[in-house]
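See below for the structure under consideration.
The values are calculated or read from the model by the stated rules, or taken from the named source; none is laboratory data. Since this is a predicted model, take the numbers as computed values, not measurements. Cβ placement follows ideal geometry from the backbone for every residue including glycine, while neighbour counts extend to all protein chains displayed. The accessibility values were calculated without ligands, DNA or RNA, using every heavy atom of the protein model including side chains. Shrake-Rupley method; radii C 1.70, N 1.55, O 1.52, S 1.80 Å.
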Amino acid sequence: MALLLQYYTFFKQYVDSYLHPVPGKSEGALKVGVLGTGMIDPAGIVYPAATHPEVILYAIGSRDASEAASYASKYGFQKSYGSYEEVLADPEVDFMYIPLPNGLHFEWAYKSLEAGKHVLLEKPSTSNAREAEALVKKAEETGKVLLEAFHWQFHPAAHRFREILDSGKYGGIISTYAEMTATPALPPDNIRWQYDLAGGSLMDMTYVVSFTRFALKASTPDDVLYAKATPHERDDRVDRAMEARLRFKRPNMDPRSDNSDVYSTIHTDMARSWAYHLIPRVWEFPSIRVETEFAEIFFYNAMFPHIYHYIAVTDKRTGQTHYEKAYKGGPLWKDRGEAYWSTYRYQLEAFVDKVKGRQSVWWIDGENSVAQMKTIDAIYEKSGLPLRPTSKMLD
């Protein structure tokens, strides 16, 4: 279902960019350079930039010069280049958007920082925690902004979800369950199945770890109790699916307390079959369920809440359920934002604020990204699969 959600996001943002265009760009608008002409580019940067007065689609780079030129013409980039290096060498580029395959994230983010560019980097930030630590260190050394693009966390619905959990109205958190699947299955030749490019369902569907850590305000789990990988048919180093149970410390609780542990289950599957060979599994939209002492709180479609979502709160004491939605405003954005903005558009708003030296209403710092990759590494280790390979740049 994740792919169907992405396709719908592309369509929706295409329409919104024409219905709500920005009349002109402001003085001092940031010029973005994009590496690669991947499927995510329109949703991740092209359409969000179309409605942002402080972002200009400046340069697109591909290893195929004709493809880059075609892409630039189609989407309105001012320049195109036949290599990634040429984009980095352009002094007019203020920041890079990097949507390359997972295994290339570290190399090109690192080189972008070295070239003096800020970086908006698609998730997962790197192939493993060692790379993440090196990349965060480089960002600190260069003084440039580095953001791992967990776009969903910037949406008002995510902030309202967290506000409900933090309210104390429903007691402490006991357990969580986060799930993400792909229906239909990704084709066997998809790059997400390639080990050397840091493929695997846990890597590409790392949202389930993000959902969990966000809900718990957690860094890394105290323990990975179990992790079971379903290997891909073509490469047993790559997980077709992953199921894991993690133990975290309960938020805002004295760690000496007897009931201070939270047990979290995550499930990913990039090769989910159609139900009855016909029906897409819409009930498996990327979501998280949180059980507290007095309620169950379910955030449906947490990955793309701008398309559709709901937060269902079922009170255990009364058995009653109420539903909430939030497409704009909320506890953090307040009077900023528009209901038609996608998660990527909210993310870009926060990123530009950071680069411009303004206060961002939400942020994912380098320490958080390192903790994310440490958690993923720990799950792979527990499952018996090898960690995704480290860049030769760190040899």
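Suppose the filter is over 21 Å from the mean Cα position of the chain (by Cα), crowded, with 24+ Cβ neighbours inside 10 Å and β-branched (Val, Ile, Thr); does Val87 pass it? Spelling it out, Val87 is indeed over 21 Å from the mean Cα position of the chain (by Cα), crowded, with 24+ Cβ neighbours inside 10 Å and β-branched (Val, Ile, Thr). If we scan the range 339-360, do we find a residue that is of a type in the set (S, T, N, Q) and over 26 Å from Ala312 (Cα atoms)? The answer is yes; a qualifying residue exists. Which members of the range 153-168 meet the condition of being modelled with pLDDT under 95 and part of a loop (DSSP other than H, G, I, E, B)? The answer is Ser167, Gly168. Restricted to the range 313-334, and to residues there that are of a type in the set (Lys, Arg) and within 29 Å of the chain's Cα centre (by Cα), the residue that is nearest to Gln347 (Cα to Cα) is Lys328.
The residue pairs whose first member lies in the range 284-299 and is under 16 Å from Thr181 (Cβ atoms), whose second member is basic (Lys, Arg) and not in a strand (DSSP E or B), and whose beta carbons are closer than 8 Å, counting only pairs six or more residues apart or on different chains, are Glu284/Arg272. Filtering Leu216, Leu186, Leu202 for residues that are in contact with a Phe, Trp or Tyr (Cβ under 9 Å, 6 or more places away or on another chain), farther than 20 Å from Ala378 by Cα and open to solvent by less than 20 Å² (accessible area, probe 1.4 Å) leaves a single hit, Leu186.
In the range 43-69, which residues are surrounded by fewer than 18 Cβ atoms within 10 Å (Cβ to Cβ) and touching a strand residue (DSSP E or B) at 6+ places or on another chain (Cβ under 8 Å)? Across the range 43-69, the qualifying residues are Ala65, Ala69.
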